[in-house]
Amino acid sequence: MEQFITDKIQDEAINDLGQLVGIASFNEAAEDKAPFGKGPKAALDKALELVSKLGFKTYEDPNGYYGYADIGEGDETFGIVGHLDEVPAGNLEAWNVEPYKLTVKDGKLYGRGTQDDKGPTIAAIYAIKAILDKGYKFNKKIRVIFGTDEEILWRCLAEYNKKEDPIDLGIAPDAEFPLIYAEKGLQQSYLTGPGSTELNLDLENAFNAVPGKAIYDGPKQAEVMAALQKHDFDADQKDGSIEVHGKSVHAMNAPEGTNAVVRLGIALAEVFPDIKVLQFLKNFGEDANATNLLGDVSDDVSGKLTFNISSLKITSEESRMQIDLRIPVKVDHDQLIQQVSDAVAKFDMKYENFDYVAPLYVPTDSELVQTLMQTYQDLTGDTESKPAISGGATFARTMHNCVAFGGMLPTTPDFMHQANENWSKADMRKAMEIFAEAIYRLCV
């Protein structure tokens, strides 16, 4: 195999990565031609400037939603789908370096975005440059697509898909090697029903997390505490309130968590038997696969449905829950939603859509998956790691015949969304080598 990546190529990549890390590109209030705030727009402008200098032909959406850079020619388009937005740095005191300045220290590249997803995107771009520097020509058009709203609602690529022709095959370098070939459908919704004058409750949490605690400061606390103890639910009572303890995990792994909101709801159902939403929770129970509600919902590719209830609100006017469903790739979405609607109607509740992201499924015997897997194995010697399925979501699912491929190795420590986010130079080098060889095999 040809050695595409040199010290010079990696140094150039790190230099450009530093320019992107220097831009704080988290979502803020919309401005003119900057729908997700000035930071993501500035990162998009900078990325297009950098790739233009490398010989790519660039385009920026007039409204600032996305941009892309093309190189090579052919009847097919190979896409590389990355994102330039990021989560905020958070507590600056937890950082040992300046989050918006690339710091090279002990063989590691520190800064927000080094792992997620500025680093892998730059690594893929310079893998392309490395192939060109060797004198090769591409038999496909290669398009690097820059998203700017991955951490929020993916509105950037929704706009892209409205306006642009689809790619024929591609990768999203925003996960872990070797690759993810199946991602469950992601449905976030509300269940609403009648309110109650007996109880006022406001337990609000993020859709995509199993709530690890729930605080109750309403009436009949002695009875509620007794019901919690009856079910052997972990809870403390002090200072005029009850705190129910659970275990918080990402919604895609909901069965591995302990849902404190559901546990409180089950206990409250015994004390307030006339409140419909509480009877629903009692019936639902602690089965995060929703078998009590829907029966067995699963397939032979991606396993079982997960069903996370993250929030519960009860007022005199209405009751409202937030739910997060991770739907197996072969399950019909519309039929499932009708099934959910019918099931909750028995408790005088209604289903309301919030957001849906379709699943990803590229068969493991496809040319794309076979080529990427063989490349990964040839360059790492790792024949144990297999193509993966995920309840999470990457930009790969927004494109035709696209999978999540890298840029983190299975041995790379995960610092995404954390203080002191960093990516080792050695791991970046290996990712660049894998990207280059994969692109060479698919596009030369």
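The values are calculated or read from the model by the stated rules, or taken from the named source; none is laboratory data. Computed from a predicted structure; not experimentally measured. Here Cβ is always computed from backbone atoms with ideal geometry, including for glycine, and neighbour counts include all displayed protein chains. Just the protein is used for accessible areas: all its heavy atoms, side chains included, with ligands, DNA and RNA removed. Shrake-Rupley method; radii C 1.70, N 1.55, O 1.52, S 1.80 Å.
List pairs: first in the range 353-370 and without any contact (Cβ under 8 Å) to a residue 12 or more places away in the chain, second open to solvent by less than 90 Å² (accessible area, probe 1.4 Å) and outside any strand (DSSP E or B), Cβ under 8 Å, 6+ apart or cross-chain? Between residues of the range 353-370 that are without any contact (Cβ under 8 Å) to a residue 12 or more places away in the chain and residues that are open to solvent by less than 90 Å² (accessible area, probe 1.4 Å) and outside any strand (DSSP E or B), the close pairs are Q370/T364.
Mind checking whether some residue in the range 342-351 is of a type outside the set (D, E, K, R) and closer than 21 Å to A214 by Cα? Looking for residues that are of a type outside the set (D, E, K, R) and closer than 21 Å to A214 by Cα, one finds none in the range 342-351, hence no.
Just name the residue that is farthest from the chain's Cα centre (by Cα) out of those in the range 241-263 that are free of Cβ contacts under 8 Å to residues at least 40 places away in the same chain and closer than 15 Å to D287 by Cβ. Please lay out each step first, then the result.
Just the residues of the range 241-263 that are free of Cβ contacts under 8 Å to residues at least 40 places away in the same chain, to begin with: 241-248, 256.
Now restrict to residues that are closer than 15 Å to D287 by Cβ: 246, 256.
Numbers: G246: 23, E256: 18 Å.
Out of the qualifying residues, it is G246.
Only a single item in (1) open to solvent by less than 30 Å² (accessible area, probe 1.4 Å); (2) outside any helix (DSSP H, G or I) is not met by D296, and it is number (1). Summed over the range 139-155, the residues that are within 21 Å of D16 (Cβ to Cβ) and in contact with a helix residue (DSSP H, G or I) (Cβ under 8 Å, 6 or more places away or on another chain) give a count of 7.
Within the range 1-99, which strands (runs of 3 or more DSSP E) (wholly inside it) include 2 or more residues that are in contact (Cβ under 8 Å) with a residue 40 or more places away in the chain and in contact with a Leu (Cβ under 9 Å, 6 or more places away or on another chain)? Let's see the steps before the verdict.
Numbers: elements: 57-60, 67-71, 77-83.
Qualifying strands (runs of 3 or more DSSP E): 67-71, 77-83.
Considering only the range 228-246, I want to know if a residue exists there that is of a type in the set (V, I, T) and open to solvent by 10 Å² or more (accessible area, probe 1.4 Å). No, because not a single residue in the range 228-246 is of a type in the set (V, I, T) and open to solvent by 10 Å² or more (accessible area, probe 1.4 Å).
Is it the case that some residue within the range 339-354 is farther than 29 Å from A269 by Cα and open to solvent by 30 Å² or more (accessible area, probe 1.4 Å)? So far as the range 339-354 goes, no, none of its residues is farther than 29 Å from A269 by Cα and open to solvent by 30 Å² or more (accessible area, probe 1.4 Å).
Whether a residue is part of a loop (DSSP other than H, G, I, E, B), without any contact (Cβ under 8 Å) to a residue 12 or more places away in the chain and either closer than 22 Å to A47 by Cα or open to solvent by 40 Å² or more (accessible area, probe 1.4 Å) (or both) was assessed, and G135 passes this test. Residues that are surrounded by 12 or more Cβ atoms within 10 Å (Cβ to Cβ) and either at pLDDT below 95 or out of contact with any helix residue (DSSP H, G or I) (no Cβ under 9 Å at 6 or more places or on another chain) (or both) within the range 77-95 comprise T77, G79, V87, P88, A89, G90, W95, listed in sequence order.
I'd like to check something: does the range 154-164 contain any residue that is in a strand (DSSP E or B) and among the hydrophobic types (A, V, I, L, M, F, W, C)? It would help to see each step written out before you state the result.
Kept after step one, since they are in a strand (DSSP E or B), are these residues of the range 154-164: none.
No, the range 154-164 contains no residue that is in a strand (DSSP E or B) and among the hydrophobic types (A, V, I, L, M, F, W, C).
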